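Chemist: Take a look at this one; I'll ask things after.
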Amino acid sequence: MGIKINVVVDIDPALMSSRAEQADEILAIQAEKDTRQFAPAKSNKMLNGARVEGGTITYPGPYARFLWEGKVMIDPDTGSPWARPGATKVATGKNLVFSTAVSPQAQSHWFDASKAVNLEKWLRVYGKAMTSG
């Protein structure tokens, strides 16, 4: 005959929420570091401009958006890569060519490339952050 045991653990929800917020930030810091080799850059301006707040990595614009898309962007009215004040650029079908001088694996959608390589590591980092407090 089997036995059933109900396991009940009294966990303070505020403590878990606080740990989750800390773990989110620790994970984002690690992800930003691991992603640098994939982020396109002619200099370290964009990489050094990346900011982590909570679980979010923010890269400075407007050039981060254009690099993320990986397409040459132009002013839709003039066709120039130099947009008029207030104009919103649109992507063309032409791919950007990324230098690998600063980031050896530079590419568009750099976070996705990093995630494909580092996801297991990030899960370990997050788990450790949640359990170590």
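The values are calculated or read from the model by the stated rules, or taken from the named source; none is laboratory data. Values in this document were obtained by computation on a predicted structure and should not be read as measured data. Ideal geometry is used to build each Cβ from the backbone, glycine not excepted, and the neighbour counts take in all protein chains shown. We work out accessible area using only protein heavy atoms, side chains counted, and drop any ligands, DNA or RNA first. Shrake-Rupley method; radii C 1.70, N 1.55, O 1.52, S 1.80 Å.
Chemist: Looking at (1) modelled with pLDDT under 90; (2) under 24 Å from Ala113 (Cβ atoms), which one does Pro40 not meet, given that it meets all the others?
Modeler: Checking Pro40 against (1) modelled with pLDDT under 90; (2) under 24 Å from Ala113 (Cβ atoms), the one that fails is (1).
Chemist: Considering each of Thr58, Thr35 in turn, give the residue that is closer than 23 Å to Leu119 by Cα, touching a Lys or Arg at 6+ places or on another chain (Cβ under 6 Å) and at pLDDT 90 or above. If you could, list the steps in order and put the result at the bottom.
Modeler: Numbers: Thr35 fails: touching a Lys or Arg at 6+ places or on another chain (Cβ under 6 Å).
Only one candidate passes the filter, namely Thr58.
Chemist: Grab the helices (runs of 4 or more DSSP H) fully contained in the stretch 1-115, keeping just those with 3 or more residues being touching a residue at least 12 places away in the same chain (Cβ under 8 Å), out of contact with any Cys (no Cβ under 8 Å at 6 or more places or on another chain) and open to solvent by 70 Å² or more (accessible area, probe 1.4 Å).
Modeler: Working: elements: 13-35, 45-49, 63-69.
Result: 13-35.
Chemist: What number of residues within the stretch 123-133 satisfy the criterion of being of a type outside the set (Lys, Arg), part of a helix (DSSP H, G or I) and either under 12 Å from the mean Cα position of the chain (by Cα) or surrounded by fewer than 13 Cβ atoms within 10 Å (Cβ to Cβ) (or both)?
Modeler: Selection size over the stretch 123-133: 4.
Chemist: While we're on this one: Can you say whether Lys89 is at pLDDT 95 or above and not aromatic (Phe, Trp, Tyr), as far as the supplied structure shows?
Modeler: Numbers: at pLDDT 95 or above: no; not aromatic (Phe, Trp, Tyr): yes.
No: the conditions fail for Lys89.
Chemist: What's the total number of residues in the stretch 37-78 that are of a type in the set (Asp, Glu) and closer than 23 Å to Val125 by Cα?
Modeler: Going through the stretch 37-78, the residues of a type in the set (Asp, Glu) turn out to be 53, 69, 75, 77.
Next, from what is left, pick out any that are closer than 23 Å to Val125 by Cα: 53.
Residues in the stretch 37-78 being of a type in the set (Asp, Glu) and closer than 23 Å to Val125 by Cα: 1 in total.
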